[in-house]
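Trainee: What follows is a single structure, and I will ask about it in a moment.
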Amino acid sequence: MIRNVVLAKLKTGYDVAEVEQIQQGLRNLDCPGTRRYTVGSDAGLREGNWDFVIVADFEDTAAYQGYDEDTEHNRLRSRLAPFIDQVARAQFELPDS
């Protein structure tokens, strides 16, 4: 299984309503091979945290690549891009349980 983690620092004054709509659109994605998909905003429990997060689990590398290339996913990604100051991403293999 592949876990994808994305963190974004958003620019000061970003459009909160637009980001919430983008998050909902991401939650509604239905890409084959997705096992779990979580999108949210920082809870504000610690200063300096990043603003936006995605944690997603995919059956395998092919499923992750399908998600990464998905037309709707990329449309939402491009809507979010103007609000992003910094982004960090990582994909890693989860051990079998």
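The values are calculated or read from the model by the stated rules, or taken from the named source; none is laboratory data. Given the structure is predicted, the values throughout are model-derived calculations rather than measurements. Every residue, glycine among them, receives a Cβ derived from its backbone with ideal geometry; neighbour counts consider all protein chains shown. All accessible areas refer to the heavy atoms of the entire protein, side chains included, with ligands and DNA or RNA removed. Shrake-Rupley method; radii C 1.70, N 1.55, O 1.52, S 1.80 Å.
Trainee: At 1.4 Å probe radius, can you tell me the per residue accessible area of the range 38-97 in Å²?
Mentor: Solvent-accessible surface per residue comes out at 67 Å².
Trainee: Next up: With all protein chains present, how much of the accessible area of the chain (probe radius 1.4 Å) comes from carbon and sulfur, to the nearest whole percent?
Mentor: Of the solvent-accessible surface of the chain, carbon and sulfur hold 46 percent.
Trainee: Could you rank the peptides 81-87, 55-61 by their average count of other C-beta atoms within 10 Å per residue, with the highest value first?
Mentor: 55-61, 81-87
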